[in-house]
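I have placed the structure first, in the form of structure tokens, so that the comments after it can refer back to it.
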Amino acid sequence: MQQEKIEKELEQMRKMGSVSSSEWQAYTWKNELSEQKRRVGLHLDEALTDAETEHNPYHMLERAIGVAAVCMRRLIECRLVTDRFRDTALQVHEVLAKGDADWREPFVSRTASEIFNNYDLSARHAEKRIPKIISDKMLHARVIGVLSGNAFMPDGLLIASDTQSMTQLFHFTPPEIASIFDAFLDDQVRSSSDGYLDKGGDFKGTRKVFATRD
């Protein structure tokens, strides 16, 4: 009787098929991020030098920023960066919205309209933002523009998400945006651990997991 029960259970299990999987890996996302870092640098240079190309460098730049942001987000979400890196703020520069301007909402079809009306382009301000904030803003970019010939700040990228754009824009010179990507690429997880925690924070139970990455 017991043997019959076991065979029925095994037969039911076989009907369910199988699920194959692996562990999240950093190299897949880092390889792509490295490629998009190259593309951002290339197309930003094309835009700044007004190079003659068969493609539109602004279109390629927008794509590269979006794909790079996905890679950065996946590295964070899949816990493929160290906890220390995840929680350490990186230096960025921000251009603030004008406090006394009559805000003009950009057209949906434009990637960087009304910039001079809405923002104070006479200065940029050094700030510290954690990697997730930076990647989130890039992923949901509402503003992507290339600033050049400004007397108050160097040539570079202007990026802001839809929620961010009402207050400020990120401003990156070519080396600065490259350094953001490099921060993700250079971070290496040397050890990791996963397990379960119960409501009291003890190492037992199956309702909540913990993960550490060093």
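The values are calculated or read from the model by the stated rules, or taken from the named source; none is laboratory data. Every value quoted in this text rests on a predicted model; they were computed, and no experiment measured them. Every residue, glycine as well, gets a Cβ built from its backbone with ideal geometry; the counts of neighbours run over all protein chains shown. To get the accessible areas, we keep the full protein, side chains included, count just its heavy atoms, and leave off ligands, DNA and RNA. Shrake-Rupley method; radii C 1.70, N 1.55, O 1.52, S 1.80 Å.
What to note about this one:
- Chymotrypsin sites (Phe, Trp or Tyr not before Pro) within the stretch 64-134: DSSP coil, no more than 16 neighbouring Cβ in 10 Å: W103, F107
- With all protein chains in place and a 1.4 Å probe, the accessible surface of the chain carries 51 percent carbon and sulfur.
- Solvent-accessible area per residue, Å², over the stretch 1-63 with all protein chains present [probe radius 1.4 Å]: 85
- The loop-placed chymotrypsin sites (Phe, Trp or Tyr not before Pro) in the stretch 122-214, going by DSSP, that have at most 11 neighbouring Cβ atoms within 10 Å of their Cβ come out as F152, F203.
- Sorted from longest to shortest, the spans of the Cα atoms of the stretch 97-166 along the three principal axes equal 29, 27, 22 Å.
- Taken as entire DSSP H runs, the helices of the chain that both span 15 Å or more between Cα atoms along their own long axis and average 0.0 or more on the Kyte-Doolittle scale are 57-77, 174-186.
- As a calculated quantity, the FRET efficiency between T206 and S179 at R0 = 41 Å, using C-beta atoms, amounts to about 0.50.
- Cα-Cα pairs of the stretch 47-137 separated by more than 15 Å (percent): 73
- Rg/Rh (Cα only; Kirkwood hydrodynamic radius) as it applies to the stretch 39-95: 1.12
- The stretch 26-186, relative contact order [Cα under 8 Å, separation at least 6], %: 25
- Max-minus-min Cα coordinates of the stretch 1-58 on each principal axis give 81, 21, 11 Å, with the largest extent listed first.
- ³J(HN,Hα) computed for each position of the stretch 111-124 - Karplus, 6.51 cos²θ - 1.76 cosθ + 1.60, integer Hz, glycine/proline x: 8, 7, 8, 6, 4, 6, 6, 8, 10, 8, 8, 8, 6, 10
- Packing-based ranking, highest mean first, of 121-131, 7-17, 70-80 given that Cβ atoms within 10 Å are counted: 70-80, 121-131, 7-17
- Calculated Cα Rg over 2.2 N^0.38 Å (choose from (1) 1.30; (2) 1.22; (3) 1.37), label: (3)
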